[in-house]
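A short write-up of the structure that comes next.
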Amino acid sequence: MTVLEAAHTSLGGFLAQVTPIQAPEIDYAAILPMLIVLGAACVGVLFEAFLPRYQRWSWQVALTLLTLVGAGLALVVYLRDNPQQGVVTLAGVLSVDRPALFLWGTLLVLAFGAVLLIADRSVEPGGAFVSHAAVRPGTIQDRAQAARLGMQTEVFPLTLFALGGMMVFCASNNLLTMFIALEVLSLPLYLMCGLARRRRLLSQEAAVKYFLLGAFASAFFLYGVALLYGYANSVRLRDIAEAAAGTNRSDTLLYAGLGLLVVGLLFKASVGPFHAWTPDVYQGAPTPVTAFMAACTKVAAFGGILRVLTGAFQATSWEWRGVLWGVAIVSMIIGAVLGLTQTDIKRMIAYSSVAHAGFLLVGSIALTGEGLSGTLFYLLAYGFTTVAAFGVVSLVRTADGEATHLSQWAGLAKRSPLVAGVFTFLLLALAGIPLTSGFIGKFVVFSAALKDGMAPLVVVALLASAVAAFFYLRVVVLMYFSEPSPEGPTVSVPGSFTMVAITLGTVITFVLGVWPAFVLDWAGAGGFAFSTT
């Protein structure tokens, strides 16, 4: 036998012993909404490369809005006959179950409202975004570009990429996939935060802070994934759960990995004390981007928290629940107390979001069906209220741009009763006043916590809600019972896009406050699906 024949025989024997690799089964109908969003984001990049600059805005707006509508229709069609227990696809990487579908629907409708704010070019002539992002702040060229009517239309594909990452993130059945989705949703947001047309230095400072702190949080997340892989020899949620339920390995890796993983998740959800980025970024970013982050990022982050805690660590809840109790209390106290000291309306809403993150965490650690459905409802309700609130904030302006200092809102009801009335209703919803979605959201979350034996935590949450209500009502009193300054701000007439976004958020805030049953039924229609294959 020649050397060539011997090598051929050996290779044949080796190949006969190798198990053939099979392509994973893909349920394209289940993941079609996500594919539409990510595919359209790639098309948007091509628009930026090949379309003339003067045509890009109209094409990008049409593509983005049609994408969100198309993805929503694909989701509705799939909801008609999707299995109750959910579908695990892409080799077990994604779980398209009832909570994931609810979160996807929530992200799509909230992103639709945020995109309308992003696309508006009437409130701020030319749009809220810089026309040439490479121009240095403070230069003559920077002052000149602020007067131009063009805008960086790259924000539209960046928004779609961030949205696609959020959809993958809250449906991930695998921690490594979740990390990749975390980066896909984060990197576009870092860029978008630095593209404000006005107050360029503040905007770029916000982007740098968000990037640096986000990089630290991603490092914590990834190191936690590595430790959990060392513990369970897998990054699948169900495999980690099985290893935690019965193994003779040291629990040091398990709890160290869980702690680092949760830090990364809590950072994205702006839960105190991991909230340091939130006030600065909310204040410095363009207001439409702030609305998008405040609503959609929180939905994705808490979707990931719910899936991780339920799928991988439910059996060990006795060990970590006390720690998250403390985190929830700290978040509620930070948001309520520091919100009282703020003089900037956007920073005030930022600390409000920290308090709301604490309320959401109360429902997330319940690990019951009621806790899951209540948290999902709260995310939807809070998201619509927040998008509408930031839409109103963008209307109150001076010659230098948005008037965000609280003193500039004095007597606003005498200048524009309608705008003041809408903003009052939204603030009351954030405070949790009855006949608003905020009241129903807090009620269902706190009820789930009480049923799960967390009465002391609910008492703290109620006290924090009472404290937080003060700084909401302070703005209402300022608008209605203070005299307007002669050189005070004006209220811009909203364009059609901003008008639709504010109206949509306000109407849904009211509807969910008086008729929440249909959303609660959908939110509680099923649990998470996991796979170890």
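Numbers at a glance
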read-out	value
Among 449-455, 60-66, the order from most to least packed when residues are scored by Cβ within 10 Å on average	60-66, 449-455
The chain: relative contact order as a whole-number percent, Cα under 8 Å and 6+ apart	17
13 Å beta-carbon shell around Phe169, net charge (K/R +1, D/E -1)	+2
Packing rank of 210-220, 369-379, 326-336, 75-85, where each peptide gets the mean count of other beta carbons within 10 Å, highest leading	369-379, 326-336, 210-220, 75-85
For the stretch 317-387 versus the stretch 390-408, the gap between their alpha-carbon centres in whole angstrom	26
Kirkwood Rh, angstrom, the stretch 26-523 [1 / mean 1/r, Cα pairs]	22.7
Degrees, to the nearest 10: 3-17 long Cα axis against longest axis of the chain	60
Cα-Cα separations in the stretch 470-533 greater than 18 Å, expressed as whole percent	70
Extension gain from Glu25 to Asn233, taking 0.36 nm per residue of separation minus the Cα-Cα distance	72.5 nm
Within-11-Å neighbourhood charge of Leu367 [Cβ basis; K, R +1; D, E -1]	-1
Dipole moment magnitude, nearest 20 debye, the stretch 225-304 about Cα centre, only Lys, Arg, Asp, Glu C-beta charged	120
Positive-end residue of Gln85, Leu395, Ala244, charge dipole of the chain with Cβ unit charges	Leu395
Helix 28-50 vs. the chain, principal-axis angle (Cα, 0 to 90°, nearest 10)	60
Euclidean distance of C-alpha centroids, the stretch 197-248 and the stretch 71-103, integer Å	25
Net charge of neighbours whose Cβ lies under 11 Å from the Cβ of Ile305, counting Lys and Arg as +1 and Asp and Glu as -1	+3
Relative packing of peptides 430-442, 166-178 - highest average C-beta neighbours within 10 Å first	166-178, 430-442
Debye, to nearest 20: dipole size of the chain, +1 on Lys, Arg Cβ, -1 on Asp, Glu Cβ	1100
Share of alpha-carbon pairs per 10 Å distance bin for the stretch 248-299, given as whole %	23, 39, 21, 12, 5, 0
CD proxy at 222 nm, helix term only [per DSSP H run n ≥ 4: -39500 (n - 2.57); per residue of the chain; nearest 500]	-23000 deg cm²/dmol
Lysine pairs meeting the criterion (Cα under 24 Å, 8 or more apart or interchain), as found in the chain	11
Restricting the stretch 248-346 to trypsin sites (Lys or Arg not before Pro) in coil, as DSSP defines it, with at most 16 other Cβ within 10 Å	Arg249
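A short reminder: the numbers here are calculations on the coordinates, not readings from a lab. Note that the coordinates shown come from a computational prediction; the quantities given were computed from them, not determined experimentally. Note that each Cβ is placed from the backbone with ideal geometry, even for glycine, and that neighbours are counted across all protein chains shown.
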